[in-house]
């Protein structure tokens, strides 16, 4: 089932409501004009009605449409104008492009360190992992991956051999951990980030995963293709490697 685009639904609802309001105002105004006419007596104008009941119905409709238009504008203002807390969070999360903050903006206060939730680096900056875990990489694959060192089911320190086994048996999770993204390119969910952080604390390394994948695939760098294509190619090589080893 394709994901629901709530932003498009919201925009369609707002545009439809605005169009219906404008159409209602025009319709009621034309109805009032058709049910009455104005005459001038000296400096004053007098309204005469062809059908007073019909005129009153159109007049009431015009009042309701105008009131709805005002309520819609106020509703949009409440949604679109950020609160001071929202402004402060955005300013804290996004560095200034340059210069001082805009006049009138609330000061940004640093939150206490103890109140901050633990975070992990979500940016897939693979260039930062070139020199990570260089020692005993070549010999690490020869080490035995025990149940305690298994990435998913173990609880002990994740060894180099467990990295290799993780790629062969759980390619999807290995690539998602390396790229810090879902297979469709979206950011990871919060519960997945917590799981990956626990693996990282046990020793799961993006640098080692990267080097093992390069060794299996014969790559010099991650190709510029969708993540699901990377998973498909690594799975194919992992299948060949698993059956050739057996």
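List of remarks:
- Looking only at region 220-246, and only at residues there that are closer than 23 Å to residue 159 by Cβ and at pLDDT 85 or above, the one that is surrounded by the fewest Cβ atoms within 10 Å (Cβ to Cβ): 235
Condition check ((1) farther than 15 Å from residue 164 by Cα; (2) out of contact with any strand residue (DSSP E or B) (no Cβ under 8 Å at 6 or more places or on another chain)) across all residues:
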{"position": "193", "(1), (2)": "yes, yes"}
{"position": "202", "(1), (2)": "yes, yes"}
{"position": "205", "(1), (2)": "no, yes"}
{"position": "208", "(1), (2)": "no, yes"}
{"position": "215", "(1), (2)": "no, yes"}
{"position": "224", "(1), (2)": "yes, yes"}
{"position": "227", "(1), (2)": "yes, no"}
{"position": "232", "(1), (2)": "yes, yes"}
{"position": "240", "(1), (2)": "no, yes"}
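- Residues (in a helix (DSSP H, G or I) and at positive phi) located in region 183-205: none
- Some residue of region 160-169 being at pLDDT 85 or above and either part of a loop (DSSP other than H, G, I, E, B) or loosely packed, with under 14 Cβ neighbours inside 10 Å (or both): no
The values are calculated or read from the model by the stated rules, or taken from the named source; none is laboratory data. Every value quoted in this text rests on a predicted model; they were computed, and no experiment measured them. Positions of Cβ are backbone-derived with ideal geometry, glycine not excepted, and every protein chain shown enters the neighbour counts.
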